[in-house]
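Structure first, commentary second.
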Amino acid sequence: TQSTWGLLNRKTAMDASKELIRSKTTHLKHTPADAKDITVPTTRDVSDNGVPVLPPPTDSLVQSLLTDMYQISMAYGYWKAERHEDLAVFDLFFRKCPFHGEFAIFAGLEEALRYITHFKFTEEHISYLKKIMPRCEAAFFEYLRTVDCSNLKVYAIKEGTLVFPREPVLRLEGPLVIGQLLETCLLNLLNYSSLMATNAARFRLAAGKEKILLEYGLRRAQGPNGAISASRYSYLGGFDGTSNVLAGQLFDMEVRGTHAHAFISTFTGLQDLKHRELDGVNFVDLVLEYRTQLHFEGTNEGELAAYIAYALAFPDGFLALVDTYDTLESGVPNFLTVGLALHKLGHQPLGIRLDSGDLAYLSREARRMFVDVSDRFNVDFRKLNIVASNDINEEILKALKDQKHEIDTFGIGTHLVTCQAQPALGMVYKLVEIRNEPRIKLSEELSKVTIPGRKECYRLIGHDGIPILDLMVRVGEPAPQVGQRMYCRHPFEEKKRAYVTPSHVVPLHTLVWDGQLLAPYPALAEQRQYCQTQIDMIRPDHIRPVNPTPYKVSVSADLYNFIHDLWQKEAPIVEFQ
């Protein structure tokens, strides 16, 4: 457990992540002076006996009643049939990678473990269930009062890991009724979070490592919980920060933002400025001097006044939204005018934000204007930050790259947080064993046939350090060994098979819960860094946006035979006469 969860030192990871963000961007961030005193929910609390304890779920709506009615109905059916304590095994997995790609990122495990930690039916819950299930025996509700996850085991793939179809991201072993009651909420907690992290990773791949990506989706997300989750899991997937202030507090993320068009429109002219001095100098007069030198007298004066007001408020954090009236004829000229005045007083302007128009063209022209002013006034404006927003999606990022844009930072909202390219991942939760008897679900569609029994997953790494495939084996079967030739098979297609001799073997499943949490949970910054190492390790053709190569998920020969023997046993034989 320690070797799996403790791959990265928390402080080192968080410091490295923050330093990377600070070094790559000059976009204004708002951090309270007493930020160190903010109380953030910790995942490293311990009980009196030294056992790690997770706090309750981030969203208070995550509780035992956050489930489908048929889970409660089945629980009563199991109890009535005296099957509720039967040892059951459930797998949680997905059948197809999202966004027409060939990978996904597993996310949401911490919230799932918080839910499991605090799973309990309260008196209020019991009273409501009695009301909606009046025909159920009173003894059933007495039983529900005792239900918790103390007899449950959870095996999981580490959060932030690249995962692929059919391999269980969670395996739950315990009383049948517990496994059944947890299903709906676990799927709710893991589906969107994994989809969101995957979407963010695809945006990161499209933009390139050198660009800054900021999540701007709070106002467009599906409700408050959707917004918080989007901020959190976009960060895990590779984004650098968020505009969401609450998410910043909750998860120790960088929070960034400057001003909107409303701030610009508030000012109509220089007469609206109540304050005019900066560092003991009449700042307005200095701005007007540079305006004359630059021959920019035709710009919008209300916009200029707004920039002056913002610069007076944030002399070392001046980043201007430049498209309120005319980007190249007013916005950028006004920014440069105020920027030169700030520079004269020893302050460095940060840059501009583009929120409409031809972003590639406007960014190139703005950069050209920065260079011209740098040469003319001997100032270092060449690399001022150009931020772009305006309904950016993965395709737009790729198109902008083809058009040789000059954008440094992207603020991305709607298409990121709503996952417009694919709104759901489609994770499923299936019973694979009951009372030590393997179970299989058959279907006319091969993708919907389940792989029965308890399984463990291993990632087989080649001599070049790149993963070759993931291998599923039966629990109790010998694990793959370094240097040992393994016969790997497609679970259903007989002709697809290969011998693999791994140079390194990575166990993907770890026992994370055995009636209690078994190890401290890593911080979000650590999860983010781990996720990036996962993406860096994978072969590029598996994660390319167009025509990606499917990554192989194989089974051992023993598991292959086990699947097909059970298939033959359970499938009815048609008889014709």
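When E445 is tested against (1) among the acidic types (D, E); (2) open to solvent by 30 Å² or more (accessible area, probe 1.4 Å); (3) farther than 21 Å from G101 by Cβ, just one condition goes unmet, and that condition is (3).
For segment 138-166, the set of residues classified as among the β-branched types (V, I, T) and more than 23 Å from V177 (Cα to Cα) consists of I157, T161, V163, listed by residue number. Exactly one residue among L214, L109, L176 is touching a His at 6+ places or on another chain (Cβ under 9 Å) and closer than 18 Å to C531 by Cβ, and that residue is L214.
Restricting attention to segment 485-513, the residues being hydroxyl-bearing (S, T, Y) and in contact with a helix residue (DSSP H, G or I) (Cβ under 6 Å, 6 or more places away or on another chain) number 2.
Annotation note: Cβ proximity below 6 Å between a residue of segment 285-314 that is outside any helix (DSSP H, G or I) and a residue that is open to solvent by 20 Å² or more (accessible area, probe 1.4 Å) (sequence gap 6+ or interchain) occurs for N300/Y325. The residue that is most open to solvent (accessible area, probe 1.4 Å), counting only those in segment 494-538 that are within 23 Å of the chain's Cα centre (by Cα) and of a type in the set (S, T, Y), is T533. Any chance segment 166-187 includes a residue that's closer than 28 Å to G426 by Cα, surrounded by 18 or more Cβ atoms within 10 Å (Cβ to Cβ), of a type in the set (S, T, Y) and at pLDDT 95 or above? Scanning segment 166-187 turns up no residue that is closer than 28 Å to G426 by Cα, surrounded by 18 or more Cβ atoms within 10 Å (Cβ to Cβ), of a type in the set (S, T, Y) and at pLDDT 95 or above. The number of residues in segment 133-147 that are in a loop (DSSP other than H, G, I, E, B) and either in contact with a Gly (Cβ under 9 Å, 6 or more places away or on another chain) or of a type in the set (A, V, I, L, M, F, W, C) (or both) comes to 3. For segment 327-341, the set of residues classified as within 13 Å of V373 (Cβ to Cβ) and surrounded by 24 or more Cβ atoms within 10 Å (Cβ to Cβ) consists of V332, P333, N334, F335, L336, T337, V338, G339, A341, listed by residue number.
Residues in segment 549-569 that are open to solvent by 70 Å² or more (accessible area, probe 1.4 Å) and not in a helix (DSSP H, G or I): P550, K552. From the list V428, V417, V500, the lone residue that is in contact with a Cys (Cβ under 6 Å, 6 or more places away or on another chain) and either hydrophobic (A, V, I, L, M, F, W, C) or modelled with pLDDT of 95 or more (or both) is V500. In segment 401-425, the qualifying residues are those that are among the small types (G, A, S) and open to solvent by 40 Å² or more (accessible area, probe 1.4 Å), and the one that is nearest to R95 (Cα to Cα) is A424.
With respect to E437, is the statement that it is surrounded by fewer than 16 Cβ atoms within 10 Å (Cβ to Cβ), at pLDDT 95 or above and charged (D, E, K, R) true? So E437 passes the test.
Flag: P572 matches the condition of being open to solvent by 30 Å² or more (accessible area, probe 1.4 Å) and either aliphatic (A, V, I, L, M) or part of a loop (DSSP other than H, G, I, E, B) (or both).
Taken as a whole, the structure leaves A320 outside the set of residues that are touching a residue at least 12 places away in the same chain (Cβ under 8 Å), part of a helix (DSSP H, G or I) and crowded, with 16+ Cβ neighbours inside 10 Å. With respect to the conditions (1) in contact with a helix residue (DSSP H, G or I) (Cβ under 6 Å, 6 or more places away or on another chain); (2) part of a helix (DSSP H, G or I); (3) of a type outside the set (F, W, Y), A156 lacks only one, and its number is (2).
All conditions in (1) open to solvent by less than 70 Å² (accessible area, probe 1.4 Å); (2) over 30 Å from L152 (Cβ atoms); (3) assigned to a loop (DSSP other than H, G, I, E, B) hold for V546, with the sole exception of (1). Return a yes/no flag: does segment 287-300 have any residue that is closer than 30 Å to P522 by Cα, in contact with an Asp or Glu (Cβ under 7 Å, 6 or more places away or on another chain) and modelled with pLDDT of 95 or more. Scanning segment 287-300, I find no residue that is closer than 30 Å to P522 by Cα, in contact with an Asp or Glu (Cβ under 7 Å, 6 or more places away or on another chain) and modelled with pLDDT of 95 or more, so the answer is no. For the residues E494, E477, the requirement of being over 29 Å from Y235 (Cα atoms), of a type in the set (D, E) and without any contact (Cβ under 8 Å) to a residue 12 or more places away in the chain singles out E494. Would you confirm whether any residue within segment 134-149 is surrounded by 23 or more Cβ atoms within 10 Å (Cβ to Cβ) and either at pLDDT 95 or above or out of contact with any Phe, Trp or Tyr (no Cβ under 7 Å at 6 or more places or on another chain) (or both)? Yes. The residues on offer are G357, G331, G346, and the sole one that is at positive phi, at pLDDT 95 or above and in contact with a helix residue (DSSP H, G or I) (Cβ under 8 Å, 6 or more places away or on another chain) is G357.
Starting from residues that are among the acidic types (D, E) and within 25 Å of K211 (Cβ to Cβ), keep the ones in segment 342-385 and report whichever is most open to solvent (accessible area, probe 1.4 Å). Step by step, filter segment 342-385, then rank; the result is D380. Filter segment 511-532 for residues that are under 26 Å from D91 (Cβ atoms) and assigned to a helix (DSSP H, G or I) and give the result. If the condition is that a residue be under 26 Å from D91 (Cβ atoms) and assigned to a helix (DSSP H, G or I), then Q527, Y530, C531 are the ones that fit.
Here is the figure for segment 345-389: residues that are assigned to a loop (DSSP other than H, G, I, E, B), more than 37 Å from the chain's Cα centre (by Cα) and in contact (Cβ under 8 Å) with a residue 60 or more places away in the chain total 2.
Residues considered: V281, V255. Of these, the only one that is open to solvent by 30 Å² or more (accessible area, probe 1.4 Å), farther than 15 Å from F335 by Cα and in contact (Cβ under 8 Å) with a residue 60 or more places away in the chain is V281.
The values are calculated or read from the model by the stated rules, or taken from the named source; none is laboratory data. Owing to the predicted nature of the structure, the values given are computational and were not obtained by experimental measurement. Every residue, glycine as well, gets a Cβ built from its backbone with ideal geometry; the counts of neighbours run over all protein chains shown. SASA here: full protein model, heavy atoms, side chains in, ligands and nucleic acids out. Shrake-Rupley method; radii C 1.70, N 1.55, O 1.52, S 1.80 Å.
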